[in-house]
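To keep things clear, I will list the structure first and then write my remarks on it.
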Amino acid sequence: MSGGGRGRLAGKKALITGGAQGLGLAFGRMFKEEGAEIVLTDIQADKVAQAAGEIGAAAGLAHDVTDEAQWKEVCAAAEEAMGGISVLIHNAGIGSLGNIETETYEQYRQVMAIDCDSVFLGTQAAMPALKRAGDASIVVISSVAGIIADANFLSYNVAKAGVAMMSRSIALHCAKARTGIRCNSVHPVFTRTPILDPMIAMKGSAEEGEAALTRQIPLKRLGEPEEVASMVTYLASDESRFVTGSAFTIDGGITAGSGR
Ligand SMILES: NC(=O)c1ccc[n+]([C@@H]2O[C@H](COP(=O)([O-])OP(=O)(O)OC[C@H]3O[C@@H](n4cnc5c(N)ncnc54)[C@H](O)[C@@H]3O)[C@@H](O)[C@H]2O)c1
């Protein structure tokens, strides 16, 4: 996706977690191109500050999404930096490889805290600001792993399925309470970011690792961060104003054969 957006997000004020690299940074870039103000947050404090400077974000904040108190501080800081929050992107996350026999409970708890509980904590903390915005969009970055299971994605499967259902419940509450807030989940397949490194490394060479992943995808390639960013931009924009409680796959066809 080249520069020169069409202002599809003009006037939007977006808080994006996990913005130091990968998908979060790609969202930040596209949002800026489309005219939004953005605040990036990440547990990698130096890296997110640098990324924010490079793409012209209003702020790049140190933030552990598992920490309830930090969520309150980050929401206050983001609201101050942008004059409000009208878009919340729950993107921070970690991968995890383990099956029911190998996964430790400690690892399971960590994945649940970062990939699932953070959406509860963050949405709750941001609700007052989102309500003040009056017309707001929450996007939860789940995964195809929230739809189809894998023997070695135990914790990740549970966490990503959990946030998809949380997204629907949030959407229904926000509709019922007439908040003007929408909420949707996005489900990418393997997309070219650092989160894939451990899976690619397992196969020996980068070529073999990537081939092992792409073999599973009908379109026979990885996703690109900009492709996911296009979908998230749509959901953040007014173009999707009648869309809430929905789950969007962006997966090269992988879930089409799963009996969904
Ligand atoms: N890349 C893929 O193949 C893929 C596919 C489906 C879903 N996803 C999801 O997309 C999201 C973004 O992942 P990515 O591919 O860009 O990976 P990534 O590893 O490049 O980026 C994840 C970011 O989250 C941050 N993070 C991790 N723990 C955190 C914490 N406790 N608090 C705050 N920030 C934290 C990391 O520092 C990192 O910058 C994740 O939720 C991931 O599960 C990715």
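Evaluate region 1-45: find the radius of gyration of its Cα atoms, find its Kirkwood radius, and give the ratio Rg to Rh. Walk me through the numbers before you get to the answer.
Numbers: Rg = 10.4 Å, Rh = 10.5 Å.
Checking Rg against Rh, the ratio lands at 0.99.
If neighbour count is taken as other Cβ atoms inside 10 Å, put LEU15, LEU130, LEU196 in order from fewest to most. Don't jump to the answer; show the numbers that get you there.
Details: LEU15 32, LEU130 28, LEU196 17.
Ordered by Cβ neighbours within 10 Å, fewest first: LEU196, LEU130, LEU15.
Under the 0.36 nm per residue contour assumption, what length would be gained going from the current alpha-carbon distance of GLU80 and ALA45 to full extension? Don't skip to the answer; put the middle values down first.
Details: separation 35, 0.36 × 35 = 12.60 nm, distance 1.92 nm.
Full extension of this stretch gives 10.7 nm more.
List the relative contact order of the chain as a percent without decimals, with contacts defined as Cα pairs under 8 Å and 6+ residues apart. Numbers along the way, then the final one.
On the way: 547 pairs, mean separation 47.6, N = 260.
Relative contact order of the chain: 18 percent.
Which whole-number percentage describes the relative contact order of region 46-112, with Cα contacts under 8 Å and a sequence gap of 6 or more? Across region 46-112, relative contact order equals 17 percent.
Extension gain, GLN216-ASP150: 0.36 nm per intervening residue step, less the Cα-Cα distance, totals 22.6 nm.
Using Cα centres only, tell me the gap between region 30-79 and region 80-111 in whole Å. With region 30-79 and region 80-111 each reduced to a Cα centre, they are spaced 16 Å. Only residues of region 84-124 count here: report those whose backbone N is under 15 Å from the spot 7 Å along Cα→Cβ of LYS72, or say none. Within reach of a label on LYS72, which here means backbone N under 15 Å from a point 7 Å along Cα→Cβ, region 84-124 contributes 121-124.
With a ≥ b ≥ c the root eigenvalues of the C-alpha gyration tensor of region 30-90, is it rounded (a/c under 1.5), prolate (a/b larger than b/c) or oblate? Oblate. Placing unit charges on the Cβ atoms of the charged side chains and taking the dipole of region 3-61 about its Cα centre, the candidate lying farthest along the positive direction among GLY35, ALA49, GLY60 is GLY35. From least to most packed, judged by other beta carbons within 10 angstrom and beginning with the fewest, LEU9, LEU88, LEU154 follow the order LEU154, LEU9, LEU88.
A compact globular protein would have a Cα radius of gyration near 2.2 N^0.38 Å; the ratio found for the chain is 0.96. Of the peptides 114-120, 239-245, the ranking by mean beta-carbon count within 10 Å, highest at the top, reads 114-120, 239-245.
Only helices at least 20 Å long along their own axis, judged from Cα atoms, and with Kyte-Doolittle mean hydropathy of 0.0 or greater: name those in the chain from DSSP H. Display every interim value, and only then the final one.
Numbers: long enough: 68-82 (21 Å, -0.31); 118-133 (21 Å, 0.52); 154-176 (34 Å, 0.55).
Length and hydropathy pass: 118-133, 154-176.
Sorting TYR156, TYR105 from the fewest to the most surrounding beta carbons within 10 angstrom yields TYR105, TYR156.
Quick note: the coordinates plus some simple rules give every number you see, no bench work behind them. Predicted, not measured: the structure shown is a model, and the values here were computed from it. Cβ atoms come from the backbone with ideal geometry, glycine included; neighbour counts cover every protein chain shown.
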